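For reference, the structure is listed below as structure tokens.
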Amino acid sequence: METHVRDHYDNAKNSTRYERAQGPAAPLKTYHNVVKRHLISTFASGAESLLDIACGRGGDLHKWDSAKIRRVHGVDISPREIDEAKRRYASGKWNHITCDFQVSSTLATKDWFFKTH
């Protein structure tokens, strides 16, 4: 299971922002972003730290910064997604956040879940 999930995200095409905005899932992604921005600003605004499990490519960097979260630790099963999150973080100008990103090869396994709960 974990290899299948990791391979799916590692092999996903990096589309441009324009391509994503034109795709059939664009309205759903827009809705998800509105919901995530609301959740982050309501429950994590001004937080000292935040853990984002399955952080993907770091698409919430601007949301975290706007919410004035001081430190974010992002974890994902895909090395390619983590590389992109690191690239996005390094290329941005952030006012509030410090981020680090880590690959976890056990993130998608039941053993990981039961060890952490």
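Bear in mind that the values in this text are calculations on the coordinates, not laboratory data. Quantities reported herein were computed from a predicted structural model and do not represent experimental measurements. So basically every Cβ, Gly included, is an ideal-geometry build from the backbone, and we count neighbours across all protein chains shown.
Listed values for the stretch 54-64 are Karplus-derived 3J(HN,Hα) couplings in whole Hz (6.51 cos²θ - 1.76 cosθ + 1.60, θ = phi - 60°), namely 6, 6, x, 8, x, x, 9, 3, 5, 5, 5, and x replaces Gly and Pro.
Highest average first, the peptides 21-30, 41-50 ordered by how many other beta carbon atoms sit within 10 Å of their residues are 41-50, 21-30.
A crude spin-label estimate for the pair Ala54 and Lys93, with each label 7 Å from Cα along the Cβ direction, gives 3.5 nm. Residues whose amide H lies under 5 Å from that of Phe101, counting only those 5 or more places away or on a different chain, are Gly74; hydrogens are built 1.01 Å from N in the peptide plane.
Taken along the Cα-to-beta-carbon direction at a fixed 7 Å, the label points for Asp83 and Thr106 span 2.5 nm. Applying 1/(1 + (r/R0)^6) with r as the Cβ-Cβ distance of His32 and Arg70 and R0 = 25 angstrom yields a FRET efficiency of 0.50. Peptides 76-82, 32-38 ranked from most to least packed give 76-82, 32-38, packing being the mean of other C-beta atoms within 10 angstrom over each peptide's residues.
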